[in-house]
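One structure coming up, written as structure tokens, with questions to follow.
Only the coordinates and a few stated rules stand behind these numbers; no lab work does. It should be emphasised that the depicted structure is a prediction, and the values quoted were computed from it without experimental measurement. Heads up, the Cβs are rebuilt from the backbone with ideal geometry, glycines too, and the neighbour counts pull from every protein chain shown.
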Amino acid sequence: MHAIMDKTGFASDTERDPRWAAVLARDSRADGRFWYSVASTGVYCRPSCASRRARPENVRFHASCADAERAGFRPCKRCRPDQPGLHARQAAMVADACRLIESAEQAPGLATLAALAGLSQFHFHRVFKAVTGVTPKAYASAHRARRVRSELARSDSVTAAVYDAGYNASGRFYAQAGAMLGMRPGEFRAGGANTAIRFAIGECSLGAILVAASGRGICAITIGDDPDALARELQDQFGEAELIGGDAGFERLVAQVVGFVEAPRIGLDLPLDVRGTAFQQRVWQALRAIPAGATASYSEIARAIGAPKATRAVAGACASNPIAVAIPCHRVVRNDGGLSGYRWGVERKRALLEREARK
């Protein structure tokens, strides 16, 4: 009778423990936070273990593998709790693939990468995208774009830079150069020389605001306390470009941007010259889909672009956004709804959100 009551008590204690819900759900998010042992089998497992569910009266929780082993339990052969978790193994595998892409003269194909990882092409493609937020092909393209920029800065000619960056045909590079560089390759190599960027600085209720545009569209909207600092930042970004003060027509465009800052619900439909990696472009496009008056969390944006594990990368893309308000990174908040960092200041983020919340 006493033994029965003991078992009942143990079962009740386990079922009241919030960790038991994670075990029942086989929640991989709990892996690494705790481990559980099963008295009837003598093994311990990670919360996500797919083994047959244990009876609660047989379960004990442990803060570490060492604790479980000191209690006399051995690691489960199915979930291998003493080994790195699935997410860690996948991250390491993808890191190896990324290093291979970055070190290869010619980007390895999907079949090669999958074979080296020991996975099918479909499974490898899915895991790579989940970890990085982009496909292997897009990652290779973004890396090659970085190599092109680097080679253009130091090579004697555009042609040499193209081949040194891994292109085996210059025609293919020139077909992509505009989207990749935002200008002709020779102009990029010269630091933006012969490229005209018009700009003007105005005032809004959030402080000084700078608007700049290339021939392709708006390439920068920045906000700050010091107009001169905004101008210096633009000059640093386009060191050799010809920066031209805006004329009356351009001043009207600035006024349109200022009007949008003051009354966000009027909308802002202007062509943008957005330059970034493939992943950043996807994040920024998702931000533009958030309507005024609404917010989204970093994890929601990650899911929206099909990369649910890339929350940190999404936050990084938001932080590197060069076009305030038109690409509304201020509408992205923490999972609990709290305000996180903002390139132009958290108080400005708060003010923008408060304005957008007004009907």
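Which FRET efficiency value, to the nearest 0.05, do you get for L24 and R343 by plugging their Cβ-Cβ distance into 1/(1 + (r/R0)^6) with R0 = 45 Å?
After rounding, the FRET efficiency stands at 0.60.
Could you work out the equivalent-ellipsoid semi-axes for the stretch 15-107, taking the square root of 5 times each eigenvalue of the Cα gyration tensor, largest first, in whole Å?
Value: 33, 13, 10 Å, ordered largest first.
Scan around I218 for amide H atoms under 5 Å from its own, H built in the peptide plane at 1.01 Å from N, and keep only partners 5 or more places away or cross-chain.
Placed amide hydrogens put L272, D273 under 5 Å from I218.
Also, quick follow-up: Under 5 Å between amide hydrogens, which residues at least 5 positions from R198 or on another chain qualify, with H placed 1.01 Å from N in the peptide plane?
Amide H neighbours of R198, under 5 Å, 5+ apart: A213, I244.
Another one. All other residues with a Cβ under 10 Å from the Cβ of V332 taken together, and with Lys, Arg as +1 and Asp, Glu as -1, what is their net charge?
Overall, the nearby charge balance is +2.
How would the stretch 233-359 be classified by its alpha-carbon gyration tensor: rounded, prolate or oblate, with rounded meaning a/c under 1.5 and the a/b versus b/c comparison settling the rest?
oblate
One quarter of the convex hull surface, Cα atoms only: what value does that give for the stretch 312-359 in nm²?
Result: 3.5 nm².
Here is a further query. Using a cut-off of 13 Å between beta-carbons, work out the net charge of the residues near R303 (Lys and Arg +1, Asp and Glu -1, R303 not included).
+2
Run through the stretch 52-130 and list the chymotrypsin sites (Phe, Trp or Tyr not before Pro) located in a DSSP loop whose Cβ has at most 13 other Cβ atoms within 10 Å.
none
I've got another one for you. With a/c under 1.5 counting as rounded, go ahead and sort the stretch 245-288 into rounded, prolate or oblate using the C-alpha gyration tensor (a ≥ b ≥ c being the square roots of the eigenvalues; past the cut-off, prolate if a/b is larger than b/c, else oblate).
oblate
Follow-up question, since we're still on this one. So, R0 is 35 Å and r is the distance between the beta-carbons of E15 and L110; what FRET efficiency does that work out to, to 0.05?
It comes out at approximately 0.15.
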